[in-house]
Amino acid sequence: MKKVYSILIAFIIAATSLLPLHAENVTNAPSRVINIVYDDSGSMYIGDNDVLLDTWCQAKYSMEVFAAMLGDKDTMNVYYISDYVNDTSAGPRISLNGKDGAATNVAKIHNEKTHAVSTPFNAVMKAYSDLVGTKADDKWLVILTDGAFQEGNSDAAVDVDGYLAQKPADIKVMFLGIGKDAQGIQEKQDQNIFCVRASTSNQILTNITDICTRVFNSNKLEVNTAQKDISFDIPMGELIVFAQGANVEINGIKKEDGTLIKSSLTPVEVKYSASDADNYQSNQPELSLLGKIATFKDDFDPGKYTIDVSGAETIEVYYKPNVEVAAYLTDDEGNSVSDLSALSAGTYKINFGFVKGGTSEPVEQSKLLGKINYSAVVTNNDVKQEKVYSGGDKISIEEGQLQIDVKASYLDYNSVSTALNYTVYKDKTITYTLLNNPNYEVIDNGFEKDDDITIQAQIDGHEFTQEQWDELEVPMIDLAGDHDYRLEMSQVEKTEQIGVLKMKPVLPDGKPTGGQYSDTDYKLVSRQKVGEEAWIGSMDGTLKVHDSRSWFMQYLDKIIKYSIIGLIIFMLLGYTPLFKNYLPKSLQSRPLIECEPDEPGQDPKMRTGTITKVWWTYVFPFLDHRAVIEYVTGVSGCPNLKVKAIKRRRMTFKNLREFENKDYITFDGKSIEKEDRKFETGGGVSIVVYKDGWTYTCSPNKSRSRS
């Protein structure tokens, strides 16, 4: 019995704890009205052969739990059958509002007294009629009885099925028949009519638990009773522990690292009550109905936890997921839109998912979330689209303001909603149209006229607004191709007229260059960012240019250019062997002079001659190399040899006549005669002088240092 009540109470309290964690994602608890027909007839207190029953205690205890579990939007009205013996004029004996708090509401149920009588159907009729006129998201008619209903004061049976068949679709009915002879009704779940029967006390408690689970949509975790362990695979924001036992103490919940989490509020004690019927005071309550309920509000990550509790015969744990709803968009190419603050107009596929509360961490699908239904409503530029979008649907959004209202329903009645607001941008196309494209006549001093080229600009095919015009950056202009003339374009400028640009061609230094000016292609290009938008445009155009100058003026630059190039080439050719002769490479700047005495007894000597280059023949083109060779030193009658380069790096004597009839001077053993017109030799010529008792021998290609 304790276990059954444990399940009942824990389910009920867990259902009432589902509150929003974050303002941006709101948990939408439904408004709920529950009209309960409470059977306080004599058969709840005494059975056959005057056997005293505790059915009243079980029902009363359950009623108190009903009162404890009401949420802020819940109302519970209790219709005692004993108040409707004669008619349906009485209102509910007890009306409870969830906002009044559990303690106040439980006390009203606990302290209420009654007088057990018969089982008139008038109570059902009254509870039903009051419910019809009620405005609420969820309406329940709960009928608790252990016997057949009577029509008025008579013993005539009532057609309960026929009566309930008239109910509207928004009213749900839960009928609990108590006892082996209890009347039942036909269950029609597709019409939200539910019926259960209980022939024993344990079955009654179990079925009341089922009623609470269905009516209050409670969610339970599996508990390892031996180890007192629980585990879950989604983040939790609230856990409720219900432990039943005579000496229960709930100390907290331990994480795997041993950290103890204390309950957010002082645990609430639930307890049996004495007989409430003044004509059955001798009935004894079920004293085992004792327990405590503790609520833990924290950031519980998925994982394994241990319930730190003592003296408990049964433990139940109920949960509230810490989840929020998120929307995801992908473009036509399947790319995820990561930056929703910069959303481009177009068509997107929308999908949904859960994230951990206050974060963007995805939460995977879990059985602890039950069946999830996602939906979204799109409002674009204050126009609400008729379609309600599901995951995988495509949405088309236009530039402007966008709001996506997303809702996720899970665990039947739990729902999370959020409103996502974006500013949608659209890339803009800039187009250009020529308004004035004048002809430009080139004359010696510049352009004959310099009128402006004017261009009309539009954005996405429309005229610019003043704000857009102010935002527009002037396009860049690029002249196409390579030309033998120089031509530039002025910077594009905005005019005072919105949408009109102007520009003109410009000559460098204000005058034309060489080359024949002609029509020239150009391209205007716009590319800029305005916020998140890209403004892009281009235009190809042709600059109309005619050159009216003379041929000489048109090609003067080329004439000068190629003349300079020709001169350089000509000068360079003057350094080639084709046009310039070079002296032998073997000539030494300090050639060796060997001195041998004619008389014996004297030692030979060595002296050093010089070869002096005529520098300007080396510097200037087309001039053959020349040099002066000093082949002997300190000897009179021996003029220096002047040489000039000839073909094949040979040389000839320029002062040949100075050596005429000087038979004491020989070149390669030969002296110069009057009839000799020239003498050509190489760098290895042997020059010998016989004079003053000495023989001087010089080879210009031998260096003193080499000797």
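Laboratory data are not the source of any read-out in this text; all were calculated from the coordinates shown. Note that the structure is a prediction, hence the values are computed from the model and not measured. Cβ atoms come from the backbone with ideal geometry, glycine included; neighbour counts cover every protein chain shown.
A few comments on the model shown:
- Cβ-based exposure ranking for GLU316, GLU599, in which fewest neighbours within 10 Å come first: GLU599, GLU316
- Dipole of the chain, positive end: most advanced residue of ALA342, GLY461, SER526 [Cβ charges, Cα centre]: SER526
- Comparing VAL355, VAL378, LEU402 along the charge dipole axis of the stretch 323-425, the residue lying farthest to the positive side is VAL355, per the Cβ-charge model.
- Three-way shape label, the stretch 625-707, alpha-carbon gyration tensor, a/c 1.5: oblate
- Cross-link pairs LYS73/LYS304; LYS387/LYS426; LYS449/LYS529; LYS220/LYS349 - those with Cα-Cα distance over 30 Å: LYS73/LYS304; LYS449/LYS529; LYS220/LYS349
- Note: relative contact order over the stretch 229-321, using C-alpha pairs below 8 Å and six or more positions apart, is 54 percent.
- Using the Karplus relation 6.51 cos²θ - 1.76 cosθ + 1.60 with θ = phi - 60°, the per-residue 3J(HN,Hα) values for the stretch 223-234 come to 10, 6, 4, 5, 8, 6, 9, 9, 8, 8, 10, 10 Hz, with x marking Gly and Pro.
- Per residue, the convex hull spanned by the Cα atoms of the chain amounts to 326 cubic angstrom.
- Enclosed volume per residue, in Å³, of the convex hull spanned by Cα atoms of the stretch 522-568: 132
- Straight Cα distances below 13 angstrom link LYS561 to the aspartates and glutamates ASP484, with same-chain residues fewer than 8 positions distant left out.
- The relative contact order of the chain comes to 9 percent, based on Cα pairs under 8 Å that sit 6 or more residues apart.
- Reach of LYS113 by Cα under 23 Å, taken over lysines that are not fewer than 8 positions away in the same chain: LYS60, LYS126, LYS271
- Under a 5 Å amide H cut-off, with hydrogens placed 1.01 Å from N, VAL309 pairs with ASN251 among residues at least 5 apart or on other chains.
- With θ taken as phi - 60° and the Karplus curve 6.51 cos²θ - 1.76 cosθ + 1.60 applied, the whole-hertz 3J(HN,Hα) list for the stretch 440-447 is 10, 9, 8, 10, 4, 9, x, 8 Hz, x standing for glycine and proline.
- Subtracting the Cα-Cα distance of GLU256 and GLU675 from their residue separation scaled by 0.36 nm leaves 138.1 nm.
- Once C-alpha pairs closer than 8 Å and six or more residues apart are averaged by separation and normalised to the residue number of the stretch 323-425, the relative contact order reads 31 percent.
- Mean Kyte hydropathy of 1.0 or more with a Cα span along the axis of at least 27 Å, helices from DSSP in the chain: 551-573
- Look at the dipole of the chain built from charges on Cβ: of GLY392, LEU556, VAL241, the Cα furthest out on the positive end belongs to LEU556.
- Assuming charge only on the beta carbon of Lys and Arg (+1) and of Asp and Glu (-1), the dipole of the stretch 284-358 about its Cα centre is about 160 debye to the nearest 20.
- If you wrap the Cα atoms of the stretch 229-321 in a convex hull and average its projected area over all directions, you get 6.8 nm².
- Size of charge dipole - the chain - debye, nearest 20, with Cβ of Lys, Arg +1 and Asp, Glu -1, no other charges: 5340
- The distance from the alpha carbon centre of the stretch 594-651 to that of the stretch 68-96 is 143 Å, rounded to a whole number.
- Taking the Cα centre of the stretch 62-117 as origin and assigning +1 to Lys and Arg Cβ atoms and -1 to Asp and Glu Cβ atoms, the resulting dipole is close to 80 debye.
- Annotation for the stretch 624-707: trypsin sites (Lys or Arg not before Pro) lying in DSSP loop with at most 11 further Cβ atoms inside 10 Å of their Cβ are LYS674, ARG677, LYS678.
- Cα radius of gyration and Dmax for the stretch 563-671 (Å): 18.2, 71
- Shown in residue order for the stretch 591-598 are the 3J(HN,Hα) couplings computed by the Karplus curve 6.51 cos²θ - 1.76 cosθ + 1.60 at θ = phi - 60°: x, 7, 10, 9, 10, 10, x, 7 Hz (x for Gly and Pro).
- Cut-off under 5 Å, modelled amide H: who pairs with TYR631 long-range: LEU641
- The lysines within cross-link reach of LYS662, meaning a Cα-to-Cα straight distance under 30 Å and a gap of 8 or more places when in the same chain, are LYS585, LYS605, LYS613, LYS642, LYS644, LYS647, LYS654, LYS670, LYS674, LYS678, LYS691, LYS702.
- Filtered chymotrypsin sites (Phe, Trp or Tyr not before Pro), the stretch 594-635: DSSP coil and at most 15 other beta carbons within 10 Å: PHE622
- Taking amide H as placed 1.01 Å from N in the peptide plane, ASP54 has no amide H partner under 5 Å among residues 5 or more places away or on another chain.
- Between the alpha-carbon centres of the stretch 547-581 and the stretch 653-691 there is a gap of 46 Å.
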